[in-house]
Every structure is written in C-alpha cells, then in structure tokens.
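Bear in mind these aren't lab numbers, they're just calculated from the coordinates by the rules spelled out. Remember, predicted model here, so these are calculated numbers, not experimental data. Ideal geometry is used to build each Cβ from the backbone, glycine not excepted, and the neighbour counts take in all protein chains shown.
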Amino acid sequence: MGSISPSPPLHIAIVGAGIGGLALAIGLLRQGVPYTLYEAAGAYSAVGAGVGLGPNALAAMDAIDARFRALYNQISTGNVTPGKDHVMMDAMLLEDGFGEKRGWKPAPYGAPCYDRTSAHRVDLLNVMTSLIPISTVKFNKRVKTVDQKAEGGAKVTITFEDGEVVEASAVIGCDGAKGATRQMVLGEKYPDQVRATYSGKYVYRSIVPMEDAVKILGKDALGDEIAGDAKMFIGKGANVTTFPISKGTQCNMVAFKLDDKPWTYPEWTQPVTREEMVNDFEELGVDKRLIKMLDWAKPLRWSIHHHLTTPVYYNGLICLLGDSAHATTPHQAAGAGQCLEDALILSRLLGLVSAPDRDQLEAAFKVYDEIRRPRAQKVVQTSKQAGLVYTLSAPGIGDDLDAIVKDLNHRFLWIWEHDLMADVDRAEKEFKALTRKEPETMNMKRVSASVVEKTALTA
C-alpha cells in the first residue's frame, strides 16, 4: 500500500525589503508564518530621507509587534517648541518674508489625536531589520519570472535573474511602484493600470545639519525657531516642507515644484545643474532662506509618480503590498503608514491560513483586497488633492489662506482616527466565513506562533 507524501509546509515569499516588506516580515514572524524575504540589492538600504508617521501608523506598529513601536519611539523626533506636540505642521508662505510682510503668522494644523513624530528613513529601517532574523533574508535576488499553477495546490515558482529557482506557497510583492510583481498581478487583465503615472510634480531633497538650518531660517513671527518645528511653506507653483529628524540634529527639507509637462526622462530621477535647481524656485520669488537650504541638496529632480487607480491587489497566489499596490504622492505623509496598515492586515490573515491550501490563501488575499484597497486608494487620491492645496490651486479653495488652514485641520482626520483593530476583526470574520475555519484550529495556530517566533529568532 503506497504512502501519501506529506504536503509541503506553508511558506511565503516576500519580494522587496523596503518598509512594506520588512513590516510584513515582522508581522509574519509574530504570527508564526514561515517566510523568506528576497531583496534585489546587495544589502539593506542605507539611503533615504525623512519619514513622517501619523497615529494610524503608530497603531499599526503596535499591533504588528509591540517591540516595533517601542524601538521606533527611541529614534523618533517631534517638534521642539513646547505646546506643539499635536501640531502636524505650521502653514507658512513661500514668498519673501514667509508672509510676515502681509501680516501672516505661522498657522498650525493637526489634531488632539496626532503626536508629531518623524524619523530618518535609515533609522526606521535599522529598527525594523533588528527584528528580523538575517537567516530569513536573501540579497541580490532580483525576480525575473513568477509562475503559478492554474489549479491544484498552493505552489508558486520564482525564477531570479541569477538563475536560481525557488518555490513558495504564495508571493507578496513589496518591490515598489516599478517592481515586477505589479505586472504579474495586473498585466493580463488591466495592462493600462500597470505603470504608475506622473503626478505633475518633482522634488529636490536635502538634509541640513540642524545648527546650519537654525542659522539660515531664523525665527518666525512668533519668535520660535523655524527649523525646530515641522513647517509647510505654500505658494503658487511650488511648496516646501521642513521638519527635524535624527533626534533634532538634522533638518529634512523636500522642495516640490509643479510641472505642467509630461515626464519624458527615461529614469524617475533627472540630473540637472545647480543653476537649474535654484532657478526652479528663484523664478517663483521663493524666500532666499529656503533657496539657501538647497546648498545641501543634490541637483537631482525626483519625479513623483502614483497609482491613482488599481483595480485589484492580487492575482491567484501573487499579492501586492505597499507602493507596488498604491504608490502615492507624499502630501499627506501617509505612504509609509499605508504600508504598515497593509502589513498588519495581511500578516493577521496569513496567520489564519492553516496549510498551503490555494483556497485559503486566495480567501486571505480576497479579504485583504476588500479591506485595504478602498482605503489605500482614497489616500492616493486625497494626497493628490492635498498637493493642489499646498500650491494654492485646489478647486474651491485657491489662494484663500484661511480656507486652506481650515482644510488642513480637517483633511487628515479620516486617516488618523481610523479603527485598525476593527479592520483586523473584520478580516478574521470574513476569512472564517469564506473558509468555514473552525475556531479550535485558529486558536492552536495562535498558541504555536510564539514557539515559531522564538525558533526563528535563534536561527
């Protein structure tokens, strides 16, 4: 009598080790789900600028792994001025004098639920990688193809450009807006939705030593150091944001320029001369102090692309997460937070999958798509609208400064106050309904999660 070969264990392949991929790895580890993280680069990223996180992002950190939030608190930076803990930014004007010549004073916007917090992206990534066993990560692995069987069990074959071939139960694409997995999910049914579209803005980035930023920017009309608190400088044709990072030792600056022409450069970054960079803002009458801050910027235009619409986040056993699903402009400081929300919901759902069963995995992806896609796509769309507000070109608002501040004090609440644990509860209920999963099985899975985590951490 022939023996029955045991089914291979559930194993998830994560493609991409950015914020989304790392957060998912932390979540899967916590839920006891085996995974391998494949990164195209030769090491974790060592570059980046400032990252802002709202209360929803911090709540997602907590729910993914409480250690994640605790470690982040050690490297995050808030506003310097007393009493501005709940201020997201002060609205100021780009023009010469920052609006003081016409009596404008810094106008704060935020909410009681919001705690100002930001960090250098590299510091955030260091926190995240500290929670992930290096044995679960493979570098120099750029995906070439992903093949999944049309029927039968859960099995995906991944071929890398170096020739290696591996198998997994499912693939989670966290490889960014230009990554290969978006084509694999959307290419057949929605080919016109694969490529991200140019948002009509490009940016220059700089990180300035705080002591230099303080000297350059000086004090505002209220007597507070401009560089010490988060600021949004608004104006026709451009906007500039500055905020402290690295425990207040550096000032992060992002200078946005409206562009009414299509992006025709082959790459998403375009080298220009320093004169061209400066002229982008001098021609608009931007205060010379902000132009001086560009001394620390590389003369490189970073085009901002986004996915205004994405019809579905999964195809069979391939699922998208983070920028590969919903790349967004940074005007609501919500992109990283949406990656963390994705990772929370998907890791909890995959934690309920009891075996490498295609029906269970597709049920998990279906529930994830139904919960996350409407919210994430709304973030993309409203972020575009926020960019128009900052450049005094939003329909119905224009250059009405009082209306702009009123808009900014309400615009972010639906993002910040969202009940993520209600999403988690909904996800679990809908997954159970689709799979008729017995509660006892799920409880056993949860009990074993801590054992799996301890084993992985000692690997």
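Would you please put 134-143, 368-377, 50-59 in order of how densely packed they are, using the mean number of other Cβ atoms within 10 angstrom per residue and starting with the highest?
Result, highest mean first: 50-59, 368-377, 134-143.
Over the chain, what is the relative contact order in percent, taking alpha-carbon pairs closer than 8 angstrom and at least six residues apart?
Relative contact order, the chain: 23 percent.
Going by alpha carbons, how many degrees (0 to 90, nearest 10) lie between the helix axis of 439-457 and the longest principal axis of the chain?
70
What does the highest-first list of 77-83, 16-22 look like by mean Cβ count within 10 Å?
Working: 77-83: 17.0, 16-22: 27.3.
Order by mean packing, descending: 16-22, 77-83.
Pop out the ³J(HN,Hα) list for the stretch 399-407 in order, Karplus 6.51 cos²θ - 1.76 cosθ + 1.60 with θ = phi - 60°, rounded to Hz; leave Gly and Pro as x.
Per residue, the Karplus-derived 3J(HN,Hα) values read 9, 6, 5, 5, 5, 5, 5, 4, 4 Hz.
Among the aspartates and glutamates, which have Cα under 12 Å from the Cα of Lys105 when same-chain residues fewer than 8 positions away are ignored?
Correct list for Lys105: Asp90, Asp220, Asp224, Asp402.
Could you let me know the centre-to-centre spacing of the stretch 295-362 and the stretch 24-84, using Cα atoms, in angstrom?
Cα centroid to Cα centroid, the span is 15 Å.
How far apart, in nanometres, would the label points at Trp268 and Leu434 be if each is projected 7 angstrom from Cα along the Cα-to-Cβ direction?
2.8
Restricting to Cα pairs below 8 Å that are 6+ residues apart, what does the relative contact order work out to for the stretch 37-114? Please round to a whole percent.
25
Can you give the FRET efficiency to the nearest 0.05 for Lys378 and Glu188, using r as the Cβ-Cβ distance and R₀ = 30 Å?
Using R0 = 30 Å, I get an efficiency of 0.70.
Excluding residues fewer than 8 places away in the same chain, name every one of the aspartates and glutamates whose C-alpha is closer than 12 Å to that of Lys219.
Once the sequence-local aspartates and glutamates are set aside, what remains near Lys219 is Glu100, Asp229.
Of the beta bridges DSSP finds with both residues in the chain, what % are antiparallel, to the nearest 5?
So the antiparallel bridges amount to about 75 percent of the total.
Taking Cα atoms, how many degrees apart are the long axis of helix 358-390 and the longest axis of the chain, rounded to 10 and kept between 0 and 90?
10
Provide the packing ranking of 343-349, 67-73, i.e. peptides ordered by the mean count of other C-beta atoms within 10 Å per residue, highest first.
Values: 343-349: 27.0, 67-73: 17.3.
Result, highest mean Cβ count within 10 Å first: 343-349, 67-73.
According to a simple spin-label model (label point 7 Å from Cα along Cα-to-Cβ), what is the distance in nm between Thr197 and Ile134?
Rounded to a tenth, the inter-label distance reads 4.5 nm.
With labels modelled as points extended 7 Å from the Cα through the Cβ direction, what inter-label distance (nm, one decimal) is found for Glu225 paired with Lys155?
It works out to 6.2 nm between the two label points.
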